[in-house]
């Protein structure tokens, strides 16, 4: 037969909290069976728990007055401990609620944060646009560079030929001037 915590507590005439504490002991763990999230104890486990509690089973059904008082004081201590831990949990929850209320009260801060996030998104869009423009300019520059070099080469060749022509013209003029100068001198 399997016993749940409530049945064991009734039979042993102790609180459910006490039974839960006993279920955590290593002597009882091998006898625990869990079904659908609920813990049960088999016959042997029930006897181990009753021995740990120094309680006779329901067959004799007698408890000493001292043992009952002892269990009651243990239960009171457990309840006081649980109450104090509950109070601390309540205090922590209240502080968290106050913190969250302060966050809600700082609604202006939330709007500012949203505004700043929107500005950052816009700046990101602008940067992406500028990056695309820079990339396109680089591509155009790479495409135009060979053409520009060819144009420059052609231009320099034209300049060289023109310089050559000018140089030749200057030499011819000089020769004509020299001929004119010598011929003037020898005529006299």
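Each of 173, 16 was scored by other Cβ atoms within 10 Å of its Cβ. Listed from fewest to most, they are 173, 16.
Among 50, 91, which comes first, second and so on when ranked by fewest other beta-carbon atoms within 10 Å? Intermediate results must be reported in sequence, preceding the final value.
Numbers: 50 18, 91 10.
Ranked by crowding around the Cβ, least crowded first: 91, 50.
Spatial offset of segment 116-150 relative to segment 159-175 amounts to 48 Å, using the alpha carbon center of each. A simple spin-label model places pseudo-atoms 7 Å from Cα toward Cβ; at residue 163 and residue 16 they are separated by 10.7 nm. Taking the fewest neighbouring Cβ atoms within 10 Å as the starting point, the ordered list for 10, 123 is 123, 10.
Values quoted throughout were computed directly from the atomic coordinates according to the rules given, and no laboratory measurement underlies them. This one's a predicted model, so the numbers in the text were calculated from it and none came from an experiment. Every residue, glycine among them, receives a Cβ derived from its backbone with ideal geometry; neighbour counts consider all protein chains shown.
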